[in-house]
Amino acid sequence: MRPDPRAMRHAPARLLPPLLLAAALALLPAGASAQTLGTLDPRPWPPLANPQDPALPAKELFGRAAEPAPLAARALGSYAGGCLAGAVALPVDGPGWRVMRVSRNRNWGHPELVALLERLAAATPEAVGWPGLLVGDLAQPRGGPMIWGHASHQNGLDADVWLTPMPQAGVDRAARETMMATSVVRADRRDVDPAVWTPAHARLIALAAREPRVERLFVNAAIKKALCRETEGDRSWLGKVRPMWGHDYHMHIRIGCPAGEDGCEPQAAVPPGDGCDASLDWWFSDEVLNPRPGGGGRREKTLADLPDACRQVLVTR
Ligand SMILES: [Zn+2]
C-alpha cells in the first residue's frame with residue numbers, strides 16, 4: 001500500500017558510534033515517519049518486472065504481500081532480518097484500542113504479540129486512566145522488510161503504540177489516516193515537554209514494560225530520562241525501557257522469541273540495572289542531539305539475507 005508521497009519525509013543519515021549503529025539502523029525509520037499520513041484510497045504497488053531477480057530487495061516482495069501466509073505461526077529470523085508465517089491481524093477496532101493508518105496493512109503480528117496488545121489495551125483504562133490505546137504499525141502480512149518505514153518490525157514481534165490516548169469518541173476512518181500523535185518531548189530534545197507529558201504516560205510505559213513477554217521497550221532518551229527521575233518504588237521494569245532516536249510520540253514494544261520457535265533469532269538480554277546511569281548522558285551530547293549530516297545508507301536486504309524459510313512464507317498460498 002503506497003503512502004501519500006507528499007507526506008514522505010526522509011530521516012537524515014547520521015554519524016554514530018559503531019556500537020550503537022546497528023541498534024540505530026534497526027530502529028530509525030528508513031524513509032518515512034510513522035507520522036506519515038495514510039490514505040483512504042490505498043493502491044497496490046505496481047507489479048514487478050522481474051520478481052525472480054536474486055538482486056531484488058526483499059522489501060519489494062514482502063511489501064506486495066497483501067495476505068498472511070497460511071502456515072503455522074512462526075517468527076522467523078531476527079527483528080530486522082526476518083519474516084512471519086501464520087500472522088494474525090490485530091482487529092482494527094477492539095475493546096480499548098483502535099488501529100491507526102489502516103491503509104498501510106501493517107496490523108499483522110505473531111499471535112503472541114496480538115494477544116499482548118489486546119491484554120494491554122484491556123488493562124489501559126484502569127491502569128493508565130486513558131479510554132484506550134492507539135496502535136501504530138505491527139508487521140506486514142508476511143512480515144519481512146518494508147518498502148518504506150521501519151527497519152525492524154520484520155518477524156512479527158514488534159509493535160508501535162502511540163503516546164496519545166484513544167479519544168473517548170473513537171476514531172473515524174479518516175482520522176485513522178490523518179490524526180497526528182503528539183510528541184511528549186521538548187523542542188530542544190533534552191527532556192520531556194511538561195505541557196504534554198503526564199503521569200499517565202509513565203503509567204502506560206510501566207504497564208507495558210512489566211509484561212513478562214516484553215523484552216524491550218524503545219522510547220526517546222528524553223522519555224527515559226523522565227522515567228528515571230520520576231519513578232518511585234519498584235524500578236525493576238525500568239531496565240527494559242531503552243533510549244532510542246525518534247520514538248517521541250510512540251513507544252515501540254518488542255516481545256521475545258516465542259517458546260519453542262527455533263527459527264526465531266533472539267536478541268541479547270538487556271544489561272542489568274535500571275539504565276539510569278551515565279550511559280544515558282551520551283544521548284544528550286552534542287553529537288547525538290545535533291549530528292552532522294552525512295553517513296551511509298544501509299544495504300538493501302535480498303531474499304538471500306533472510307532465513308531460507310522466508311522463501312516459503314513468501315510463496316505459500
Ligand atoms: Zn517501532
> If only one of A187, A175 is open to solvent by 10 Å² or more (accessible area, probe 1.4 Å) and within 16 Å of T36 (Cβ to Cβ), which one is it?
Replying inline: A175
> Looking at (1) away from the ligand (no atom under 16 Å from the Cβ); (2) within 19 Å of T231 (Cα to Cα); (3) modelled with pLDDT of 95 or more, which is the one condition that is false for F284?
Replying inline: (2)
>> Just to be sure I understand the filter: pairs with C-beta atoms under 8 Å, separated by 6 or more residues or on different chains, first member in region 127-150 and under 22 Å from A169 (Cβ atoms), second member within 11 Å of the ligand (Cβ to nearest atom) and open to solvent by 10 Å² or more (accessible area, probe 1.4 Å). Which pairs pass?
In response: G136/A34; G136/H250
> Just to be sure, is R242 away from the ligand (no atom under 16 Å from the Cβ), touching a residue at least 24 places away in the same chain (Cβ under 8 Å) and open to solvent by 40 Å² or more (accessible area, probe 1.4 Å)?
Replying inline: no
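Conditions (1) basic (K, R); (2) out of contact with any Ser or Thr (no Cβ under 7 Å at 6 or more places or on another chain); (3) over 25 Å from Q267 (Cβ atoms), marked per residue:
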| position | (1), (2), (3) |
| --- | --- |
| H153 | no, yes, no |
| L157 | no, yes, no |
| L163 | no, yes, no |
| A169 | no, yes, yes |
| E177 | no, no, yes |
| R189 | yes, yes, yes |
> Counting only residues that are farther than 18 Å from H247 by Cβ and touching a Ser or Thr at 6+ places or on another chain (Cβ under 7 Å), which one in region 118-151 is surrounded by the most Cβ atoms within 10 Å (Cβ to Cβ)?
Replying inline: G132
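To keep it simple, each residue is scored yes or no on (1) farther than 19 Å from L207 by Cβ; (2) within 16 Å of the ligand (Cβ to nearest atom); (3) open to solvent by 50 Å² or more (accessible area, probe 1.4 Å); (4) touching a strand residue (DSSP E or B) at 6+ places or on another chain (Cβ under 8 Å).
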position: I253; (1), (2), (3), (4): no, yes, no, yes
position: P258; (1), (2), (3), (4): yes, no, no, yes
position: A268; (1), (2), (3), (4): yes, no, yes, no
position: D274; (1), (2), (3), (4): no, no, no, no
position: L289; (1), (2), (3), (4): yes, no, no, no
> Are there any pairs, at least 6 apart or on different chains, whose C-beta atoms fall under 6 Å, with the first in region 95-116 and under 16 Å from L157 (Cα atoms) and without any contact (Cβ under 8 Å) to a residue 40 or more places away in the chain and the second aliphatic (A, V, I, L, M) and open to solvent by 30 Å² or more (accessible area, probe 1.4 Å), and if so, which?
Replying inline: N107/A89; P111/A73; P111/V88; V114/V88
> Mind checking whether some residue in region 188-199 is in contact (Cβ under 8 Å) with a residue 24 or more places away in the chain and closer than 24 Å to V92 by Cβ?
Replying inline: no
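The values are calculated or read from the model by the stated rules, or taken from the named source; none is laboratory data. Note that the structure is a prediction, hence the values are computed from the model and not measured. Here the Cβ is made from the backbone with ideal geometry for all residues, glycine too, and neighbour counts use every protein chain on show. Heads up: the accessible areas ignore ligands, DNA and RNA and are worked out on the full protein's heavy atoms, side chains in. Shrake-Rupley method; radii C 1.70, N 1.55, O 1.52, S 1.80 Å.
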